[in-house]
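Values quoted throughout were computed directly from the atomic coordinates according to the rules given, and no laboratory measurement underlies them. Just so it is clear, the model here is predicted, and its values are computed rather than measured. Don't worry about glycine lacking a Cβ; one is built from the backbone with ideal geometry, like all the others, and counts go over all protein chains shown.
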Amino acid sequence: MVTASAYLVGALVVPFVAGTALLLGDRVAVPARPLTAHLVALLSSLATGVLVLLTVLERPVVDHEWVPAIGLRLHFAVDGISAPLLLLTAALGIAVVAHARTRLPSGGTPGTFYGCLLLVELGALGTFLTRDAVLFFVAFEIVLIPMWVLINRFGDEHQDRADAAGRFLFYTVLGSTLMLIGILAMVYSTGTADLGAIAAGHGAGMSGTTQVVVATVLMVGLGIKVPLWPLHTWLPPAHTVAPTAGSVLLAAILLKMGTYGIVRLVVAPLPHGFGVIAPYVGAAAVVGILWGGLACLVERDLKRLVAYSSVAHMGFVMLGLASGTRAGLQAALFANVAHGVISALLFFVVGGLKERWGDADLATARAALREVSPRLGFALVVGFAAALGLPGLVGFWGEFWSMYAAWSPAPDRPAGVFHGFAVVAVIGTALAAGYALRVLRIVWAGDRREPHIVDARGAEGVVVGLLVAATIVLGVVPGPLLDTTLPAVSQIVTRVAP
């Protein structure tokens, strides 16, 4: 009989073996044909999806010695915080592979492209599963090189791919260096790399000053990954250049790894340190909300516009975390998943439009999408409506509760300051409505009925349709997701505002 632990191990082994085989096949053997590479990647992502689902349902724990001499362990587990992100990663892993069948980007061999997609999925799954601080760093770094390859080799050949990929690499390596310094300091001070043990002890063994210093170092390193303003400048070029699959994974998965890391490495194990720097984190979050919204009001490139909107939306996630309350953490975790769904939907639609138009310049007059491509047009409307936080769609709950939490922060947070943050965040929602309506007026309403473009169909239609459905269902029925995260949130938050 297959044990539950085998499901967890299989969810990591399958993308590792398939992704590595596809990459090595392009280097040491005859490169796989596009159809062969696609089938290998699709079957692997489907198998990974099934194994992830079984892992989430069974909740196994894998804990074995890895490097006994220095006390490192292969420690993996699932809880209410990681479960939604694991399912999101597995689902989008299938989606990007299925979508790429008819829209394979040029610039390299299919085996390399699909292999990189699978290795990015592997790194994300490992990050969300691991409970060892050092192993967390290892899993986190797995995504770096394959994502760099996706941007540099398979990105828009009409853009400066080398610059965008190089900026992505430089910023993420800098963030990784700071994250490693913070992890090693935390492990040395507490005497363990077990994230559960460190969180249970609330950073026992670390003085208040040490907690503040380590929390600051980790916050800056992980803030680059989120990205938190003003550490966000690498993101718009990377999104503009990356192929559609790369943009989806980057926005919907990799950014979530940053916020998830903040919860695991900062909020839970270093409550005092995070409490001290929380007002500064909140300030950066609301500036990012305004900055992203204002940039979207004037941005001409549609893909870059969606990238800037991600900076604003992740600001709401960070504002919820900074509040220090159960409601704020719940809001942040919900908004994290919501942004994954919304950004995936928007980048699939916008990437498809860019391929059809030849560019994504909003200054170019376009045929009304509602007339020439109604399915893509409807998906675009749903995506931007969710992005502006319209009630009834998935984007509403996380943003609303983040602002509520900022207005009612934890007792150790400066209430007046957080009241100001809440007001600024409300202004950010108005900016979101402004840029969403701007895009829909130009693209969806248009000013002509020609030229005709092909509407979403086949795998693209299925992927976009399912994301639209998820956007609506999670907006109408948010309870199951909130119920999933609540037990783990209650363990992390020790002081809740009345």
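Key figures
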read-out	value
Nearest-0.05 FRET efficiency for Tyr404 and Leu486, computed from C-beta distance (R0 22 Å)	0.85
P(r) histogram, all alpha-carbon pairs of the chain included - 10 Å bins from 0, percent	4, 21, 32, 27, 12, 3, 0
Label point at Ile472 placed 7 Å out along Cα→Cβ; residues across region 343-370 whose backbone nitrogen lies under 17 Å	345-346
Isotropically averaged projected area of region 337-481, using the convex hull of Cα atoms (one quarter of hull area), nm²	9.7 nm²
Kirkwood Rh in Å, taken over all unlike Cα pairs in region 145-240	14.9 Å
Cut-off 17 Å, label 7 Å out along Cα→Cβ of Leu174, residues of region 136-163 by amide N	163
Mean separation of Cα contacts under 8 Å, 6 or more apart, over the residue count of region 219-271: relative contact order %	49 percent
Extended-chain gain in nm, criterion 0.36 nm per residue less alpha-carbon gap, Asp361 and Ile145	74.8 nm
Contact order normalised by residue count of region 4-492, Cα under 8 Å, 6+ apart, percent	14 percent
Estimated inter-spin distance, Thr102 and Leu297, nm [label 7 Å along Cα→Cβ]	3.9 nm
